[in-house]
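Below is one structure, written out as structure tokens, with a few remarks after it.
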Amino acid sequence: MDKLLIRGGRQLRGEVLISGAKNAALPELCAALLTDQPVVLHNVPRLQDVSTMLKLVRNMGVSAERDPNEQGGGTVRLNAGDLTRPEAPYELVKTMRASVLALGPLLARFGHAKVSLPGGCAIGSRPVDQHIKGLQAMGAEIVVEHGYMVARLPAGRTRLKGARILTDMVTVTGTENFLMAAALAEGETLLENAAQEPEIVDLAEMLIRMGAKIEGHGTSHIRIQGVEKLHGCEHAVVADRIEAGTFLCAVAAAGGEALLRHARGDHLDAVIDKLRDAGCDVACAQDGIRIASKGAEQLKAQSFSTTEYPGFPTDMQAQFMALNVIARGASMVTETIFENRFMHVNEMVRLGARIHVEGKVAMVEGVPQLSGATVMATDLRASASLVIAGLVAEGETLVDRIYHLDRGYDRMEAKLRGLGADIERVTGATA
Ligand code: UD1
């Protein structure tokens, strides 16, 4: 299993190209299931979750190929014309919860689908009850059998029917499943309490290119007029705001100056506000986001609470905490979205951080210096936060189990090396 070896203490300088968003690419690969025509996606990041999703759709009988010899943001060509197995097996779903995104499109196009229940995951129980409830409101019959959600339309029906869907909480993949299902449903669907994340907007724009009729995406009320058929399209995946936010935190903590090309400042308002309050210089322009930071001694710790977009993203909580642990002063980090998302804390403490967790709140007391150690990545964003901590720690930090990082970051260590970090991948077995 691969590890990352980081020798801390270097400032980060230069340019880095931000990849397409994992959380947009995954639903968009599933949107290709809605049509029997070719779909071309550009700017698809090279990461493990995308490979898993490609495996998943190929397993259904979809042809899905990456253009060969492409550097960085690649193009993927999909054709679900010969899809014969509208199923997502446990072996693939258990490694990636986002596989549940296949349910809405499969059910809408074929009238039946069988998708494994995802089970638990490191950051919390993460049920899919809202996905089921919403699709049931659209007329689907869904039973759970042998660990699978088996969904079908009632006898005599060939399409889902439009419905008003009010979820108990804001759910990102839930909203995406409903958007895709409603695009092919009969009549109008109104999503109330819809997620407003930029990835939802990007998916809606792709669906509109396929012929869907959608209004209100980017707000909490989305209206979809179902159409009988969707056609193929070409679409470029929006830049990854979480990858960009991670690099912003890395430069802020390590000090230095960088341009994050393709990053969208307007998708990161909450994080950028906090970085400015912490003392960093951040400028958003057409070509990306620029950041300059004098490093740890000049950073002021910032309290924040994670909320749905446009609030502070839960997917940035761990990385910003890495900055707080070496900043001046005390801060309070409150996680409101997932119940178990402080698993990086104990690892950061091994590096010398002072953090005390009580329920949803982590109290952080900034320390002048971290010291390198071996730490273990426990989930995707936690891994990124440990890399940031390693960049500022004195001496060597070895981040173990970085397969979590590879799930969601496109060649992170190569990009950090490009900015001057002393970081290398060590391949080999874990202890
Ligand atoms: C998506 C993102 C993930 C991000 C999260 C919150 C993708 C592929 N993943 O995950 O990176 O951290 O949004 O921004 O886009 N919930 C239920 N029942 C449901 C659905 C959700 O109880 O049926 C709960 C979850 O347990 C969680 C909250 O609702 O506490 C929000 O989850 P949700 O927005 O659905 O997260 P994901 O879409 O899985």
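For the range 141-153, filtering for residues that are over 26 Å from Met206 (Cβ atoms) and within 14 Å of the ligand (Cβ to nearest atom) leaves 1. Counting only helices (runs of 4 or more DSSP H) wholly contained in the range 340-430, the ones carrying 3 or more residues that are of a type in the set (A, V, I, L, M) occupy 343-350, 380-392, 412-418.
Residues in the range 290-312 that are in contact with a Ser or Thr (Cβ under 9 Å, 6 or more places away or on another chain), hydroxyl-bearing (Ser, Thr, Tyr) and either over 27 Å from Glu197 (Cβ atoms) or away from the ligand (no atom under 14 Å from the Cβ) (or both): Ser303 only. Within the range 154-177, the set of residues being surrounded by 24 or more Cβ atoms within 10 Å (Cβ to Cβ) and within 11 Å of the ligand (Cβ to nearest atom) comprises Thr173, Gly174, Thr175, Glu176, Asn177. Just one of the numbered conditions (1) within 21 Å of Val44 (Cα to Cα); (2) part of a helix (DSSP H, G or I) is not true of Glu297: (1).
Residues are listed down the side, and each one gets a yes or a no for (1) out of contact with any helix residue (DSSP H, G or I) (no Cβ under 6 Å at 6 or more places or on another chain); (2) touching a residue at least 24 places away in the same chain (Cβ under 8 Å):
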residue: Ala322; (1), (2): no, yes
residue: Arg350; (1), (2): yes, yes
residue: Arg354; (1), (2): yes, yes
residue: Val364; (1), (2): no, yes
residue: Gln369; (1), (2): yes, yes
residue: Gly395; (1), (2): yes, yes
residue: Tyr403; (1), (2): yes, yes
residue: Arg407; (1), (2): no, yes
residue: Ala414; (1), (2): yes, no
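Collect the residues in the range 180-193 that are within 16 Å of the ligand (Cβ to nearest atom) and in contact with a helix residue (DSSP H, G or I) (Cβ under 6 Å, 6 or more places away or on another chain), keeping them in residue-number order. Within the range 180-193, Met180, Ala181, Leu191 qualify.
I'd like to know if the range 109-131 contains one or more residues that are among the charged types (D, E, K, R), surrounded by fewer than 18 Cβ atoms within 10 Å (Cβ to Cβ) and within 13 Å of the ligand (Cβ to nearest atom). The answer is yes; a qualifying residue exists.
In the set (1) over 22 Å from Glu297 (Cβ atoms); (2) within 20 Å of the chain's Cα centre (by Cα); (3) more than 16 Å from the ligand (Cβ to nearest atom), Glu347 fails one condition alone, (2). If you go through the range 313-335 and keep only what is within 16 Å of the ligand (Cβ to nearest atom) and either part of a helix (DSSP H, G or I) or out of contact with any Asp or Glu (no Cβ under 9 Å at 6 or more places or on another chain) (or both), you end up with Thr314, Asp315, Met316, Gln317, Ala318, Gln319, Phe320, Met321, Val333, Thr334, Glu335.
Among the residues of the range 219-242, those identified as in contact with a Pro (Cβ under 8 Å, 6 or more places away or on another chain) and within 16 Å of the ligand (Cβ to nearest atom) are Val237, Val238, Asp240, Arg241, Ile242. Inclusion of Ala292 among residues that are aliphatic (A, V, I, L, M) and in contact with a Gly (Cβ under 7 Å, 6 or more places away or on another chain) is not warranted. Would you check if Val62 is modelled with pLDDT of 95 or more and of a type outside the set (S, T, N, Q)? The answer is yes for Val62. With the condition kept exactly as written, say whether any residue in the range 376-383 is modelled with pLDDT of 95 or more, among the hydrophobic types (A, V, I, L, M, F, W, C) and farther than 15 Å from Thr306 by Cβ. Taking every residue of the range 376-383 in turn, none turns out to be modelled with pLDDT of 95 or more, among the hydrophobic types (A, V, I, L, M, F, W, C) and farther than 15 Å from Thr306 by Cβ.
Cβ separations smaller than 6 Å between residues 6+ apart or across chains give the following pairs from the range 270-299 residues that are at pLDDT below 95 and surrounded by 14 or more Cβ atoms within 10 Å (Cβ to Cβ) to residues that are part of a loop (DSSP other than H, G, I, E, B) and of a type in the set (Val, Ile, Thr): Ala296/Ile326.
A single entry from Met138, Met210, Met206 fulfils the requirement of being buried (at least 16 other Cβ atoms within 10 Å of the Cβ), farther than 20 Å from Arg97 by Cα and away from the ligand (no atom under 16 Å from the Cβ): Met210. Could you tell me which residue of the range 243-269 is farthest from the ligand (Cβ to nearest atom), considering only residues that are closer than 20 Å to Gly20 by Cβ and surrounded by fewer than 24 Cβ atoms within 10 Å (Cβ to Cβ)? Here the residue is Leu259.
The values are calculated or read from the model by the stated rules, or taken from the named source; none is laboratory data. It should be emphasised that the depicted structure is a prediction, and the values quoted were computed from it without experimental measurement. Backbone-built Cβ (ideal geometry, glycine too); neighbour counts: all protein chains shown.
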